[in-house]
1. Taking 7 Å along the Cα-to-C-beta vector as the label spot, tell me the residue 54-residue 166 distance in nanometres, rounded to one decimal.
2. With a Förster radius of 41 Å, plug the Cβ-Cβ distance of residue 34 and residue 10 into 1/(1 + (r/R0)^6) and report the FRET value to the nearest 0.05.
3. In nm, to one decimal, how far is the modelled label at residue 100 from the one at residue 173, with both set 7 Å along Cα→Cβ?
4. Put a dot 7 Å past each Cα toward the Cβ at residue 26 and residue 142; how far apart are the dots in nm?
5. What order do you get for 99-110, 137-148 when each peptide is scored by the mean count of other beta carbon atoms within 10 Å, highest first?
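Every read-out reported here was derived from the displayed coordinates using simple, explicitly stated rules and does not represent laboratory data. It should be emphasised that the depicted structure is a prediction, and the values quoted were computed from it without experimental measurement. Here Cβ is always computed from backbone atoms with ideal geometry, including for glycine, and neighbour counts include all displayed protein chains.
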C-alpha cells in the first residue's frame, strides 16, 4: 500500500506542477502571485515573478519582500528554498536542491536546502546546487555554477564558481524597481 500511496502523491504533485506551468504563462503578475500563493508559496510584499517560472513542489519555496524573479527561472522545491528581501534573479536562473548520488549503488537522491540572503543579484543562467547558502549582498555572475557557500558581499563567477571580487557597498538599502506589468 505504501508504494501505491507514494505513486499517487507523485502523480498529484506532477499534476499541480503542470497547472503551475499554465499559471506561469499568464501575462500578469497579480494573477500569477495569487495562484502561486494559493498553491502554497510564500511571497513577500512587492515581489514579482516573471513569466515561465517552473517549480518542483511549490510549498517549500519562500520569497521575501521586494524581490524580482526573472523569466524562465527553475526553482526546485523538493527541499526548502528560502530567498530573502531585495533579491534580483535574472532570466533562466536555476536553483536545484536535490540531485542523485552518483557513487551510490541505488543512485538515490540527496537533498539539501538552498538559502539566498538579502540584496543578492544572480545573473542569467546561473545554477545554484543543493546545500548552498548565498550570502547577503553577494553577486553570482551569469552562467556560474555555484557548488559551495558564497560569503557575504562576494562576487563569484565560473564553473565551478570562484571568488572574483567583492562588493564595495556593505550596507545596501536600495529597493528594486517595479517590473513591467505584462512580463
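1. 3.8
2. Details: r = 26 Å, r/R0 = 0.64.
The calculated FRET efficiency here is 0.95.
3. Going from the residue 100 label point to the residue 173 one covers 5.1 nm.
4. 3.2
5. Numbers: 99-110: 9.7, 137-148: 19.7.
Ranked from most to least packed, the peptides come out as 137-148, 99-110.
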